[in-house]
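Worksheet: the structure to be examined is printed underneath.
Only the coordinates and a few stated rules stand behind these numbers; no lab work does. This is a predicted model, so every value here is computed, not measured. Every residue, glycine among them, receives a Cβ derived from its backbone with ideal geometry; neighbour counts consider all protein chains shown.
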Amino acid sequence: MNLKSALLGVFSLASLAATGQTTWEIGNTTLTEYDLVTGMQIPWEILWGPDDHLWMTSRKGEVLRIDPATGDYTTVLEKNVMNGGNGEPGMLGMAMHPEWETTPKVYVVYCSGSSWNGQEYLSVFDWNGTELVNEQYLLTLDAGGIHNGSRLLVLPDNTLLMTAGDVGSSGLAQSMNSLQGKTLRLNLDGSIPADNPFPDSYIYTLGNRNSQGLALGPNGIVYASEHGQNSDDEFNIIEAGGNYGWPQVEGFCNTSAELDFCEENNVVEPLKAWTPCIAVNGIEYYNHEAIPEWQHSVLLSVLGGLGGQYERLSVLHLTDNGFDVTSEDQYFSSFNQRIRDIAVNPYTGSVYVAFNGPSYPGSGPNIIKEFRNEAFASSVAERPSDLKPMAFPNPCSDRIQFEWEHELRDVKYTVYAFTGESVAQGQVNNRQLTLDTKGWSSGSYFIALTHAQGTRTATFQVVRTE
Ligand SMILES: [Ca+2]
Ligand SMILES: [Ca+2]
Ligand SMILES: [Ca+2]
C-alpha cells in the first residue's frame, strides 16, 4: 500500500458565544467548548465506558471514573508507577470487558519499578461498583524509560490487542523472541488465541517502534498510530502477522535499503506518514451524525513533538472502504497544548479531548474538554440512564404521567403488566408522556423505553379504588 493523501489545512476560528462559552465552527456545525475536568493529573487514556461514564487513566498511576454530565469524578484505582509517572512510563492504556453487564472487568496497563528499569503489567481488575479490585496479572513485559506503548483495544471477536513499545532497544522490534516493539493479541483471560498468526505466541504484528493509538473502524478494520524517530510518524492498518518495518524501514518503503528489506519481509506500509514527527497518539473512529463534517473519519490526537510545535486534533477523512486516508483537517492547535487522547459520547456525539500541557513529556496543566454540538445534543438523552422516567402519581388510578429530565427523540415505549401482557405502546418525542390507565386492572406494570443505545424500564402500580 503506497497511498498518497492530500493535506488540507483547515482554519477554524474560535469565537465567544453569548453564553460566554467558546464556540468552534466546523463547516456548518457549531461546537461549544466546555472544561469538563480540571485539576487532575496527566490524563493518558480516556474512554466512554459501558456504564455511561467517562473513564480516565492518569500516567501518574490512577484510574478516574467521571460523570460526563458534571465532570465530578472518583478515584477508583491507585498504583505506584515507574518514576512517579513523570516520564513516559506510568499508567497507560485501558479497556473494558465487552460483556460488562455480567463481567464488569477493566484491563489496565501500567509500568512499575525504578526510573529506568521495571516491569510493564497488563492486569485485569473487577469493578465492584466503587473501585477496581482483585488484580490479576495477565502479562508482564520489560518496561523502559521510554517507548512503553501501550493502548488496549477489544476486538469484535472478544480478543484483546495491546501495543508494546521497543523500550528504546530498536533491535527487539524484529525479534520473534521478544514481545517488545509489537502488537500483541490475547484472549480476555490472558491466554494465547488459537488463531494468532504465529503459533503459541502473543505476537500479532512486529516491527513496531512505539504505537500509542488503536481504534476499531468500519468493517472490523483496526487502525493504529505509531511514533517515528525523527521522521515518519505513521498511521497504519493492523494486519495479522504483518511486519511494520521498524527499525529497518521508517514510513514508506522508499530508500533502496528499505525497498530490499520490504521485498524480503513483505512489509506493511502506512496509509499516511508525517515528517518531521508530530507525535501521534490516541485515535478514535468517528461516525456520529452530531458532527456530519467528521463522519467516517479517524480523530487523531497529536502531542506536537519534543519541541511542541505541532499540537492539534487531526481529522483523517477516509475513503468509503476505510482503506485509505483522503485528507487531513487540523483543529485546536491554537491551544498550544499536547493532545493525548480522545473519547466520544455515543449519544450526543460530543468529543472529549485530553490535554497534557505545553511541554514534553506532559506535565500539565491538564484538562479534559468537551466539544459539543448543542443543537444536536439538546435533543437526545445524554445517557440511557436518562431514559429512566419519573412516574407519578405512583400508585395511580386513572392516569399515569412520565417525565424525563431531557427531551427524548425516537424512543419507543411498551407498557407491560407483570403477567407479561402488553397494554400500551407508542413513541416518545418530548419530555412527557401521559397514559390513560382507566381500563387497567389493579397490579404492577412496567414501561420499557428503547432507543438505539439500549432499553430502560420503570415500574409503577395501578390501584383500582372502586
Ligand atoms: Ca481513548
Ligand atoms: Ca512502519
Ligand atoms: Ca521510508
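May I ask for the distance between the Cα centers of the stretch 327-342 and the stretch 207-245, given as a whole number of Å? Centre-to-centre (Cα) distance: 19 Å.
With K and R counted +1 and D and E -1, the other residues having a Cβ less than 15 Å from that of TYR110 yield a net charge of -3. The simple spin-label model puts a point 7 Å past each Cα toward its Cβ; for THR74 and ASP157 those points are separated by 3.8 nm.
What do you get for the angle between helix 256-265 and the principal long axis of the chain? Use alpha-carbon atoms, 0 to 90 degrees, nearest ten. Helix 256-265 sits roughly 60 degrees off the main axis of the chain.
Given the stretch 384-462, what percent of its DSSP beta bridges are antiparallel, to the nearest 5? If you can, show how the numbers build up before the last one.
Details: 29 of 30 bridges.
Restricted to the stretch 384-462, the bridges split so that about 95 percent are antiparallel.
Sorting the segments 226-232, 70-76 by their mean number of nearby beta carbons within 10 angstrom, highest to lowest, gives 226-232, 70-76.
Out of all DSSP beta bridges with both ends in the stretch 6-377, state the antiparallel percent to the nearest 5. Antiparallel bridges: around 95 percent, rounded to the nearest 5.
Couplings 3J(HN,Hα) of the stretch 104-112, computed from phi: x, 10, 10, 9, 9, 10, 8, 10, 9 Hz, in residue order, whole Hz [Karplus 6.51 cos²θ - 1.76 cosθ + 1.60, θ = phi - 60°; x for Gly and Pro]. Cross-linked pairs LYS60/LYS105; LYS388/LYS438; LYS182/LYS369; LYS60/LYS388; LYS79/LYS388; LYS272/LYS369: Cα-Cα separations exceed 30 Å for LYS182/LYS369; LYS60/LYS388; LYS79/LYS388.
Say R0 is 22 Å: what FRET efficiency, to the nearest 0.05, do THR255 and SER359 get from their beta-carbon distance? For THR255 and SER359, the calculated efficiency is 0.10. In units of the compact-protein estimate 2.2 N^0.38 Å, the chain shows a Cα radius of gyration of 1.07. Each of the peptides 20-26, 402-408, 365-371 was scored by the mean count of other Cβ atoms within 10 Å over its residues; in descending order, highest first, they stand as 365-371, 402-408, 20-26. Reducing the stretch 125-153 and the stretch 20-58 to their Cα centroids gives an inter-centroid distance of 23 Å. Gyration tensor over the Cα atoms of the stretch 384-462: the corresponding equivalent ellipsoid has semi-axes (square roots of 5 times the eigenvalues, largest first) of 20, 13, 10 Å.
Tell me the GluC sites (Glu not before Pro) within the stretch 42-138 that lie in a loop according to DSSP and have at most 16 other beta-carbon atoms within 10 Å. Walk me through the numbers before you get to the answer.
On the way: sites: GLU45, GLU62, GLU78, GLU99, GLU101, GLU120, GLU131, GLU135; in loops: GLU99, GLU101, GLU131.
Counting only loop positions with at most 16 other Cβ atoms within 10 Å, the GluC sites (Glu not before Pro) in the stretch 42-138 are GLU99, GLU101, GLU131.
With r as the distance between the Cβ atoms of ALA240 and ASP320 and R0 = 30 Å, compute the FRET efficiency 1/(1 + (r/R0)^6) and round to 0.05. FRET efficiency, ASP320 to ALA240: 0.80. Averaging 1/r over every pair of different alpha carbons in the stretch 99-158 and inverting the result gives a Kirkwood radius of 12.9 Å.
Counted residue by residue at 0.36 nm each, then reduced by the alpha carbon distance between them, the extension gain from GLN427 to GLU101 reaches 114.7 nm.
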